[in-house]
1. Based on the Cβ-Cβ distance from LYS231 to TYR187, what FRET efficiency comes out when R0 is 25 Å, to the nearest 0.05?
2. Mind pulling the angle between the C-alpha long axis of helix 143-154 and the longest principal axis of the chain? Nearest 10 degrees, somewhere in 0 to 90.
3. Got the relative contact order for the chain handy, in percent, Cα pairs under 8 Å and 6 or more residues apart?
4. For a test of the definition: using alpha carbon positions, the gyration tensor, and the 1.5 limit on a/c, classify region 172-229 as rounded, prolate or oblate.
5. At a Förster radius of 35 Å, what calculated FRET efficiency corresponds to the Cβ-Cβ distance of ILE144 and ASN80, to the nearest 0.05?
6. To the nearest 10 degrees, how steep is helix 207-225 against the longest Cα principal axis of the chain, on a 0 to 90 scale?
7. Anyone know which of ALA150, ALA69, ALA101 comes out most mobile in the 10 Å Cα GNM of the chain?
8. In region 1-104, what chymotrypsin sites (Phe, Trp or Tyr not before Pro) fall in a loop by DSSP, with at most 16 other Cβ atoms inside 10 Å?
Amino acid sequence: MKISIITLFPEMFVGPFSESIIKRGIEKGALDINIIQLRDFGVGKHRMVDDTPYGGGTGMLLKVDVMDAVIESVKDKRLNSTDQQVVLLDPRGEVFKQTHAQAFSHLKHLILICGHYEGYDERIRDLVDQTISIGDFVLTGGEIPAMLIADSVGRLVSGVLKDDATTHESFTLSHEENNSLLEYPQYTMPSDYKGIKVPEVLLSGNHQEIEKWRREQAEKITQIHRPDLLKTS
């Protein structure tokens with residue numbers, strides 16, 4: 001899978017993608033992360049990528065002609081919309097969830113656009129497939145959201161982790177009840193630490209009972225911390 005990130009600050013991405021699981025995914029050839037400098041597509045001698053808003057106002061807006069040029073340059077013309085998506089990162093977007101990460105992980109090419117300054121020329125929204133937000137707060141730019149999305153999507157791409165490593169995670173849909181549950185508690189050695197013992201069922205070797213216990217714990221934790229994830233009919 002290829003992830004292309006359009007940004008004014010490419011240097012910000014050096015650390016996050018040079019370590020740990022994403023780095024291994026790149027080395028395995030399962031992931032290809034391409035960072036594009038937006039200013040390379042800027043207008044005029046000074047490579048302008050932004051301008052003042054019509055009607056007045058504070059700040060500068062990213063220009064539609066510049067963004068159109070970079071998107072067309074980055075798009076793989078051989079792919080259709082089922083294999084390639086252009087995503088604008090902006091507070092007005094749909095809040096990013098695990099279901100988005102799962103859907104994006106099946107694409108061949110994901111293009112993420114990092115906003116900056118005051119915002120976008122409104123016409124840029126007509127150039128993209130989706131607009132995504134990472135929550136109800138505002139950052140200085142879209143670089144950190146792009147890192148977050150690339151990480152959450154990249155780890156789900158086939159070949160990056162072991163096949164079953166992401167099966168029983170928090171926010172993964174339970175097909176039995178169409179609910180998304182938080183993950184159950186997990187333990188490792190020692191079995192008794194300062195009087196706090198690992199639940200006996202996990203030491204029993206009875207895999208049926210272990211799975212039952214894990215399911216019950218996941219439901220209990222979700223009910224306490226995120227009851228909104230439990231769908232009731």
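1. The formula returns an efficiency of 0.30 here.
2. 50
3. Result for the chain is 20 percent.
4. oblate
5. Approximately 0.70, to the nearest 0.05.
6. That works out to roughly 50 degrees.
7. ALA69
8. Counting only loop positions with at most 16 other Cβ atoms within 10 Å, the chymotrypsin sites (Phe, Trp or Tyr not before Pro) in region 1-104 are TYR54.
Just so you know, all these numbers are worked out from the coordinates, no wet-lab data involved. Quick caveat: nothing in here was measured; it's all calculated off a predicted structure. Please note: Cβ atoms are built from the backbone with ideal geometry, for glycine as well, and neighbour counts cover all protein chains shown.
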